[in-house]
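Let me begin by presenting the structure, written as structure tokens, before commenting on it.
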Amino acid sequence: MKVVPKIIKEVGFDFHWNVEKVWALNYPAEEIDIRELEWHFEIPFWSKKGGFYDLSPNDVISKPELFKEEYERTMNANLAHPIDIMKNKGKWLILDGLHRLVKAKIIGAKKVKVRKIPRSEIPNIEKKALNS
């Protein structure tokens, strides 16, 4: 049985969301300093082949040759789309756009476009069942 790592439980959301529902929300994009989101790079939000929450963005940044597929996916991310974030446990947590954030870091960006989604939207984006 796959177990979610303690760090993901500590920093992650306490709900599951539908990314298409997030995309459908109408909030303006604004720029923030990339440093506000860089804490994500230490957390294993991604998975190695056959793994489960065992690959951090820093792993991919520091060893792109080892994690070629994830690196390519990152570098193909479209920075025209803002990163969707929500305040969670006192800091901004990404709902959608971690690959875009990592690409921005790799190319040396100092700021990124984000949409700040208020917690009041949780009922509108939350997955109600397995297939929603």
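We did not get these values from a lab; they are worked out from the coordinates using the rules stated. Computed from a predicted model, the values in this text were never measured in an experiment. All Cβ positions, glycine included, derive from the backbone under ideal geometry; neighbour counts span all protein chains shown.
Looking only at segment 21-40, filter to residues that are part of a helix (DSSP H, G or I) and over 14 Å from Ile117 (Cβ atoms); which one of those is nearest to the chain's Cα centre (by Cα)? Working first, answer last.
Quick first cut of segment 21-40, residues part of a helix (DSSP H, G or I) only: 21-24, 34-36, 38-40.
After this cut, where a residue has to be over 14 Å from Ile117 (Cβ atoms) as well, the list is 34-36, 38-40.
Details: Ile34: 13, Arg35: 14, Glu36: 13, Glu38: 11, Trp39: 11, His40: 8 Å.
Applying the filter and picking the extreme gives His40.
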Exercise for review: Please verify whether segment 41-49 includes one or more residues that are under 13 Å from the mean Cα position of the chain (by Cα) and closer than 20 Å to Lys111 by Cα.
Suggested key: yes
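Kindly establish whether Pro64 is surrounded by 15 or more Cβ atoms within 10 Å (Cβ to Cβ), part of a loop (DSSP other than H, G, I, E, B) and touching an Asp or Glu at 6+ places or on another chain (Cβ under 7 Å). Break it down into steps so the answer makes sense when it comes.
Details: surrounded by 15 or more Cβ atoms within 10 Å (Cβ to Cβ): yes; part of a loop (DSSP other than H, G, I, E, B): yes; touching an Asp or Glu at 6+ places or on another chain (Cβ under 7 Å): no.
No; evaluated as a whole, the condition is false for this residue.
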Practice item. List every residue pair whose Cβ atoms sit under 9 Å apart, with the two residues 6 or more apart in sequence or on different chains, where the first one lies in segment 1-27 and is hydroxyl-bearing (Ser, Thr, Tyr) and the second, anywhere, is loosely packed, with under 14 Cβ neighbours inside 10 Å. Key: Tyr27/Pro118
Exercise for review: Using the structure shown, decide if Glu36 is within 27 Å of Met1 (Cα to Cα), in contact (Cβ under 8 Å) with a residue 12 or more places away in the chain and surrounded by 12 or more Cβ atoms within 10 Å (Cβ to Cβ).
Suggested key: no
Check your understanding: Pick from segment 1-20 the residues that are outside any loop (DSSP other than H, G, I, E, B) and charged (D, E, K, R): which of them is nearest to Ile117 (Cα to Cα)?
Key -> Glu20
